[in-house]
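In what follows, a single structure is set out as structure tokens and then discussed.
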Ligand SMILES: [Zn+2]
């Protein structure tokens, strides 16, 4: 008899154990299911598109930025870890127009599940970018109008283009996560409104400036110049290239004298070393400007977004290009 009792006891224990295991499995299964539904996993190539994407995605997305914030995206190559981040996401956002050379390669090698957003699609694009490169460019060919390799990639610096990029990103989020489409569209409307205010602020402030020429270190401001009637001259050419040649420095100094230029703009991301030398040599002012390809430590602390960056640029442009007599020198 006692044999049967202990057998039944053991069976009861076994049954309880099986039920416990099944409950745990069901509950944890439900959890991953709901988490998947709530957070869209987004990966963005570098800070400008990362910031626009986070403004559209808000708290409904989990977003990762690939190029470290203190680094320029030109010529950056992804690590194995970065490649895994891309593979593990639902949506990959990049600017396009050649600024992220790696993005096209990934797009070709990826399966159909990952949604790719080329944010600059449909933006107003400026051509003739490569033609201005200095004597270091040995591969220079005559580019035809409309050749993508000759496009200026910094489209987001025109507020209308930034709104277009936000629209492309929003469309991808809605496709990948239709349940939150209303939320993403509301954020897009908000972004459009802010971009339109920004555009008006630039038009009002830069309409009748004394000086029209920007001396900058990174040739990234073609879109601001084109939209608001300014011109730019870059000391360092594009990207994070090395120091300018003595010949280039002489040209810049001649230009400053000839055109009575009284200020130089330095890249807030990469620092002011060369601008400082020029500013001291020529006795001119210097102001920060950013192409918003990343943020410096201070801007990170303040969680600088696209609009903060663009208003900082506007303030510098007003101070630097405004009538020196009005400032009271
Ligand atoms: Zn750039």
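Taking a point 7 Å from the Cα of residue 318 along the Cα-to-Cβ direction, the residues of the stretch 181-203 with backbone N closer than 12 Å to it are 201-203. Measuring r between the beta carbons of residue 110 and residue 75 and using R0 = 25 Å, the FRET efficiency lands at 0.70.
Label sites at residue 226 and residue 277, each approximated as a point 7 angstrom past Cα along Cα to Cβ, lie 3.2 nm apart.
Once the chain from residue 179 to residue 193 is taken as fully extended at 0.36 nm per residue, the excess over their C-alpha distance is 2.7 nm.
Would you please classify the overall shape of the stretch 207-327 from the alpha carbon gyration tensor, given that a ≥ b ≥ c denote the square roots of the eigenvalues, rounded means a/c under 1.5, and beyond that prolate means a/b larger than b/c while oblate covers the rest? Oblate, because a/c is 1.5 or more while a/b does not exceed b/c. When 310, 11 are arranged by Cβ crowding within 10 Å, least crowded first, meaning fewest neighbours, the order is 11, 310. Cα centroids of the stretch 57-97 and the stretch 245-302: how far apart, whole angstrom? Computed from Cα coordinates, the inter-centre distance equals 29 Å.
Rule-based calculations on the coordinates, nothing more; no lab input. Since this is a predicted model, take the numbers as computed values, not measurements. For neighbour counting, all protein chains shown are included, and Cβ atoms are generated from backbone atoms with ideal geometry for every residue, glycine included.
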